[in-house]
Each structure stands twice: as C-alpha cells, then as structure tokens.
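Remarks on the structure that follows.
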Amino acid sequence: MPKSILSRYLDADVLARIARQRFEPYGVVQGNLAGSHRSALAGFAVEFVGHREYVWGDDPKYIDWRVYFNRGRYVVKQYAMETNLVCHFVLDTSASMRYGEGDQQKLRYAARLVVTLGYAVLAQGDKVSLSTFDDQPRGFVPPSNALAQIVRMTEHLDDSEPRGKTAMGECLAQLAARFQRREIVIIVSDFFANLDELESAIQRLRFARHEVVLMQVLHHDEIAFEFRGPTKFIGLEIADELITRPEDLRPHYLAAFQTFQNRLSELCQRNKAEHVVVDTSRPLADVLADYLHFRNRARRFR
C-alpha cells in the first residue's frame, strides 16, 4: 500500500482508540453475517463460516455455548448469506469546506474521519463506498469490503479540492440511485445548504429504508465566533466581503447559528436521522471513540 498517502488519513493511535468498538446498524440490514448484523433475509440456506468475539448487543441466540463451556469464552457463530452491510460515505467537497487551516480545515478533518471510520467498517468485513459532491456529484468509489478499498478512497480524496457551491438536495437525490435498500448512508458536510431541499432528499433515503447519519463538521470559529478586532470576512461560496468589528456582530451571528442548528436537529428528529456535530478542534480519536460508544449504547435500548 502507498504508505505516504495512507499516513495522511490514518493514524495508528486513533485506530487503537476505536479498535474494540463496532459500527453496527440500528435496524435490520440486507445482511451477510448472521450474528454480525440482524438481517432482513429469512428462510435462506446458510453456511457456517467461523466465530468472532461476542460484543454487547449481539443476539444471544448466536452464542456458541460449546465454546464457552470448553474455553470460557463468549463467541458468536457466523453464517455466510448473500450480501452484507454496506456503508455509503457521502462527502461534501464544496468551497465552504475549505475553511480552516492544517488538520482543522473542515475538508481535511472530514476526509480523515471518513477514511478512519471506513477502515473500522472494513475491519468488520463489511462494505464501504465513497461519493463526493459540490454543486454536482463528483467522484465515486463503488462498494467493496477489500482492504484495498482504503487506498482507493484516499487516492480519490487526494484528488478532491473544495470548490463550487453546494447543491446538496439535488446531489443526494442523484446519488441515492446508486444505493440498494436497507443500507447506511453517512453524509459528511457542514450542511450550510437549503434545509428544505435537504429534508426532501433525506425523506427519499428513509423511504428506501436506509439508515441516515448526518455528520456535521464545523470549525470552532463557526461554533464560537471568537474573533477580535477589525476583521474582514470573505465569502467562500459567494463573491462577498464584509469588514466589521466581530464583537458587535457576535450576538447576532450566534443567535442565527443556533436557530439554524435547531432547524437541522428538528429535521433529523422528524425523519429519524442521526445528527452528529463535530468540532474540528477536538482530537479525531476522541470524536470517533465518543460517537461509537454513544451509538452502541443507544443501540442496546432500541
């Protein structure tokens, strides 16, 4: 594998932090490994292919009690079926994702998040895909569960530059045609877009029985607006500039920002989509470890 490319996206310490956490669907999938994910398929002939360690939340009926009594270990029987969980990552590469510097740039941070979480899904034996968009769909890495998929994803991301405006609703509607039923769609963006169009796109995904996750990647400046002194603000997706005292603008900005966030959260609640806010000033290891821990805890009570 081209180590120089992978090292820009994958960090061994981050992978170690999430190594014991699984990314599981909340509901049923058109799944391949009984005992790994709950499947919507029933009545099919299956073939035993091996064991894996039991994870809290797994269906106890798949525990191999013979192994437990002989070795004192909880393991789950796995059976091959026709398909497996597919996790589609949809990444916004519009110009607004260019905000920030270094590893805290929104697109840079989002790309590392996608590759790291994608690696974790592949390590489970499941499939991942990657789509990018701005004002139109751009690249597409088709679903695969081969580890080489990570290389394909990083090579595509290396060629992606933040540009153009966001046409999220229209792009999601086009990308949805690539997805089958009962899969997981993770949209990674700042979601500074038309929320009515976004909701229509999410409704179509939910109608197709997809699980939808909105991972909202924001720079800390956008959350806290802690600028000081005369400042020039330059639009990234519109040709506009504003020179002002941010101290005067701050209360109005924060009120408008909170209103927008409330609308986005309510949109997700109405459509049973998961909304995760990510601050790029936080270490990626903490963000992913907290998210997977919360997700797995929530899954137990569904």
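So here's what we get for this one:
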item: Where trypsin sites (Lys or Arg not before Pro) fall in DSSP loop in segment 250-290, at most 16 other Cβ within 10 Å; result: Lys272
item: In Hz, Karplus ³J(HN,Hα) per residue of segment 210-222 (6.51, -1.76, 1.60; θ = phi - 60°; x = Gly, Pro); result: 7, 7, 10, 10, 9, 9, 8, 9, 10, 6, 4, 4, 6
item: Cα long-axis angle, helix 106-123 against the chain (0 to 90 degrees, to the nearest 10); result: 0 degrees
item: D (Stokes-Einstein, µm²/s), Kirkwood Cα radius, the chain, 0.692 mPa s at 37 °C; result: 159 µm²/s
item: Candidates per GluC sites (Glu not before Pro) in segment 225-284, loop by DSSP, up to 12 other Cβ within 10 Å; result: Glu226
item: Inter-label distance for Phe227 and Asn271, nm, one decimal - labels placed 7 Å from Cα along Cα-to-Cβ; result: 3.1 nm
item: Range of Cα positions in segment 158-254 per principal axis (Å), largest first; result: 52, 28, 26
item: Whole-number percent relative contact order across the chain, with pairs defined as alpha carbons under 8 Å at least 6 apart; result: 19 percent
item: Partner lysines for Lys127 [C-alpha distance under 28 Å; skip if fewer than 8 residues away on the same chain]; result: Lys3, Lys61, Lys77, Lys106, Lys272
item: On Cα atoms only, tilt of 246-270 relative to the major axis of the chain in degrees; result: 30 degrees
item: Stretch in the chain that is longest and holds no chymotrypsin sites (Phe, Trp or Tyr not before Pro) that DSSP places in a loop and that have at most 11 other beta carbons within 10 Å; result: 57-300
item: Among Leu288, Leu254, Leu195, residue whose mean-square fluctuation peaks in a GNM of the chain (springs only between Cα atoms under 10 Å); result: Leu254
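Bear in mind that the values in this text are calculations on the coordinates, not laboratory data. As the structure is a computational prediction, the values presented were derived from the model and not from experiment. FYI the Cβ positions are ideal-geometry reconstructions off the backbone, even for glycines, and counts take in every protein chain you see.
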